[in-house]
Amino acid sequence: MYLRARPADQLGGETVKVALIGGGNMGEAILSALITHRLVRPDDVVVADTKSERQAYLKQKYGVFTTRYNPEAAVRGDVVILAVKPQHVDEVARELKGSLRSNQLVISIIAGKKLATLCQGLEHENIVRAMPNTPAQIGKGMTVWTATENTLAADRATAEVILKMMGQAVYTPDEAVLDMATAVSGSGPAYVFLFLEALLKAGENIGLTPELARLFALETVLGATEYVQRSGQDLTELRSNVTSPGGTTAAALKVFEEGKFADLIGRAVVAAYKRAQELGG
């Protein structure tokens, strides 16, 4: 079912038009979710991206209109989604400042950029700020989001529908939670990738073929995660259940403990959290 404009927009119940500013990986994740789940029609989407090859790719794959000019895209959307890198936000804000209509909903997935910064830079108050992660590209994302006090309930509902198409989406009234989410779920996939890289390499080092090492590592992490979700048990209890005294797992966990594995993860998350705060000023 296609998203419909709210009656207050006086658009006669027409389908919502979406302007996507930034057609990179996360921008495409949102675009794919919108089209795949039939929230919008391709004809109702315009994507702005500075790279002509990226424009051509998105136009060919999704059938959407593309442009290199952000203002040209923004003026066409009932919903304007900002999916650019943090270092480009000032440029985008300068281009769009004062030109957005009051009934346009802006959804920002720009890491670290706070609502106050966005409102001031765009001279706009109807803004949702969201922090998704890369698994959103396959509909398995974890997104935390918030909104300005002036964002209407109908627009919050629209934002939630869009964000949930990429996986789990959790609303918080406390914007500070987004920086925390950035450190855990936003950057978290990279932590998992790093662990998998190390596990793969370790498997190869003891004699496994690269193919078997990859299969064993990936399926183990996938299965363990799903097991945690289904069992509902405490993680410490689960770990204890598979750790026989004097066994192989105990030998491995002893090495992790000696290397202060848990402390290292804690320090990494704190570093990411502090950096998120720095990016937000």
- [ ] Report ³J(HN,Hα) in whole Hz for each residue of region 37-52, in order, from the Karplus equation J = 6.51 cos²θ - 1.76 cosθ + 1.60 where θ = phi - 60°; Gly and Pro get x.
- [x] 8, 6, 7, 9, 8, x, 5, 9, 10, 10, 10, 9, 8, 6, 8, 5
TODO: Taking amide H positions as placed in the peptide plane 1.01 Å from N, state which residues far from residue 66 in sequence (5 or more) or on other chains have amide H under 5 Å from it.
DONE: 47
TODO: Please tell me the relative contact order of region 78-186 in percent, rounded to the nearest whole number, where contacts are Cα pairs under 8 Å and at least six residues apart.
DONE: 23
Task: Selection from 40, 273, 141 lying farthest towards where the dipole of the chain points positive, charges on Cβ - done: 40
- [ ] Enumerate the calculated ³J(HN,Hα) couplings along region 76-91 in order (Karplus 6.51 cos²θ - 1.76 cosθ + 1.60, θ = phi - 60°), each rounded to whole Hz, writing x wherever the residue is Gly or Pro.
- [x] 8, x, 7, 10, 10, 9, 9, 10, 9, 6, x, 6, 9, 5, 5, 5
TODO: Would you be so kind as to identify which of 255, 18, 231 lies farthest towards the positive end of the dipole of the chain, taking Lys and Arg as +1 and Asp and Glu as -1 on Cβ and the Cα centre as origin?
DONE: 18
Task: residue 167 long-range amide H proximity, modeled H, under 5 Å - done: 141
TODO: Under a 10 Å cutoff between Cα atoms, tell me which one of 243, 67, 151 has the largest fluctuation in the Gaussian network model of the chain.
DONE: 243
Task: Two-site label geometry, residue 103 and residue 219: point separation in nm, points 7 Å out along Cα→Cβ - done: 5.5
TODO: Taking only Cα atoms and a 10 Å spring cutoff, compute GNM fluctuations for the chain and point out the largest among 95, 175, 226.
DONE: 226
- [ ] For residue 128, enumerate residues with amide H under 5 Å from its amide H, sequence gap 5+ or separate chain, H modeled in the peptide plane.
- [x] 106, 107, 108
Open item on the list: With the cut-off at 1.5 for a/c, could you classify region 136-183 from its C-alpha gyration tensor as rounded, prolate or oblate?
Closed with: oblate
Task: Accessible-area value, residue 101, 1.4 Å probe, nucleic acids and ligands omitted, Å² - done: 90
Open item on the list: As a test of reading the structure, rank 161, 75, 144 by solvent-accessible area (1.4 Å probe, protein chains only), most first.
Closed with: 75, 161, 144
TODO: Compute the length gained on full extension between residue 227 and residue 154: take 0.36 nm times their separation in residues and subtract their Cα-Cα distance, giving the result in nm to one decimal.
DONE: 22.6 nm
TODO: Please turn the phi angles of region 196-202 into ³J(HN,Hα) values with the Karplus equation 6.51 cos²θ - 1.76 cosθ + 1.60 (θ = phi - 60°), one per residue in order, whole Hz, x for glycine and proline.
DONE: 5, 4, 5, 5, 4, 4, 5
TODO: Heavy atoms only, probe 1.4 angstrom, no DNA, RNA or ligands counted: give me 102, 185 ranked by accessible area, highest first.
DONE: 102, 185
Task: Whole-number percent relative contact order across region 159-281, with pairs defined as alpha carbons under 8 Å at least 6 apart - done: 37
- [ ] Could you point to the residue in 180, 124, 205 farthest towards the positive end of the chain's charge dipole, with +1 and -1 charges on the Cβ of Lys/Arg and Asp/Glu respectively?
- [x] 124
Task: Student exercise, the chain dipole from Lys, Arg, Asp, Glu Cβ charges, in Debye to nearest 20 - done: 380
TODO: Would you please classify the overall shape of region 40-100 from the alpha carbon gyration tensor, given that a ≥ b ≥ c denote the square roots of the eigenvalues, rounded means a/c under 1.5, and beyond that prolate means a/b larger than b/c while oblate covers the rest?
DONE: oblate
Task: Most fluctuating residue given options 150, 70, 103, as computed from a GNM of the chain linking Cα atoms under 10 Å - done: 150
- [ ] Could you give the size of the charge dipole of region 1-156 about its Cα centre, using +1 on the Cβ of each K and R and -1 on the Cβ of each D and E, expressed in debye and rounded to the nearest 20?
- [x] 340
TODO: Would you work out the charge dipole size for region 151-208 about its Cα centre, treating the Cβ of every Lys and Arg as +1 and the Cβ of every Asp and Glu as -1, and quote it to the nearest 20 debye?
DONE: 180
- [ ] Would you tell me the accessible area of residue 234, worked out with a 1.4 angstrom probe on the heavy atoms of the protein chains, in Å² to the nearest 10?
- [x] 90
Open item on the list: In whole percent, and with a 1.4 Å probe on the protein chains, what portion of the accessible area of region 171-281 is carbon and sulfur?
Closed with: 63
TODO: Can you work out the accessible area per residue across the chain, with the rest of the protein chains kept in place, probe 1.4 Å, in square angstrom?
DONE: 56
- [ ] For residue 184 and residue 91, compute 0.36 nm times the residue count separating them, minus their Cα-Cα distance, and round to one decimal in nm.
- [x] 30.6 nm
Task: Given 51/85; 113/140; 113/274; 17/59, the pairs whose alpha carbons are separated by over 19 Å - done: 113/140
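The values are calculated or read from the model by the stated rules, or taken from the named source; none is laboratory data. Because the structure is a prediction, the values reported are computed rather than measured. Virtual Cβ from ideal backbone geometry, glycine too; neighbours counted across all protein chains shown. Heads up: the accessible areas ignore ligands, DNA and RNA and are worked out on the full protein's heavy atoms, side chains in. Shrake-Rupley method; radii C 1.70, N 1.55, O 1.52, S 1.80 Å.
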